[in-house]
Amino acid sequence: MTITMKRDGAELVIALEGRLDTLTAPELEKELEPALEGVEKLVFDFEKLEYISSAGLRVMLAAMQVMEEQGELTVKNVCPEVMDVFEVTGFIDDLTIE
């Protein structure tokens, strides 16, 4: 998985490419935690994300909890396969998806 982070003031955009699964979720978690300091708007760009597992959802949940305190979280460009996972797990009810 490739992680690209772009920060513009209090906004952080994280683009993911590949698979967010048991093998790659710890890498995202490690990079995400320090990057969220001072972020008021977090955007996950999933245009090139092909798959998300429960481990990936756990990282998303942690980010959601942090952003509840700091600002807002948006997910954009979600492919049908990842959207299906969000629907089945109920994440679709808690995420702002564009």
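Read the figures in this text as sums done on the coordinates, not as results from a lab. Note that the structure is a prediction, hence the values are computed from the model and not measured. Cβ atoms come from the backbone with ideal geometry, glycine included; neighbour counts cover every protein chain shown.
Summary of values
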{"quantity": "Residue count, segment 21-39 (criterion: assigned to a loop (DSSP other than H, G, I, E, B) and more than 13 Å from the chain's Cα centre (by Cα))", "calculated": "5"}
{"quantity": "Qualifying residue in segment 42-51 (condition: in contact with a strand residue (DSSP E or B) (Cβ under 6 Å, 6 or more places away or on another chain) and either part of a loop (DSSP other than H, G, I, E, B) or more than 20 Å from residue 92 (Cα to Cα) (or both))", "calculated": "no"}
{"quantity": "Residue satisfying all of: in segment 72-91; without any contact (Cβ under 8 Å) to a residue 24 or more places away in the chain, over 13 Å from the mean Cα position of the chain (by Cα) and not in a loop (DSSP other than H, G, I, E, B); surrounded by the fewest Cβ atoms within 10 Å (Cβ to Cβ) among these", "calculated": "80"}
{"quantity": "So residue 78, is it over 18 Å from residue 22 (Cβ atoms) and touching a Phe, Trp or Tyr at 6+ places or on another chain (Cβ under 8 Å)", "calculated": "yes"}
{"quantity": "Selection count, segment 1-59, where residues are within 19 Å of residue 81 (Cβ to Cβ) and of a type in the set (Gly, Ala, Ser)", "calculated": "7"}
{"quantity": "Test: residue in segment 7-20 that is part of a strand (DSSP E or B) and surrounded by fewer than 13 Cβ atoms within 10 Å (Cβ to Cβ)", "calculated": "yes"}
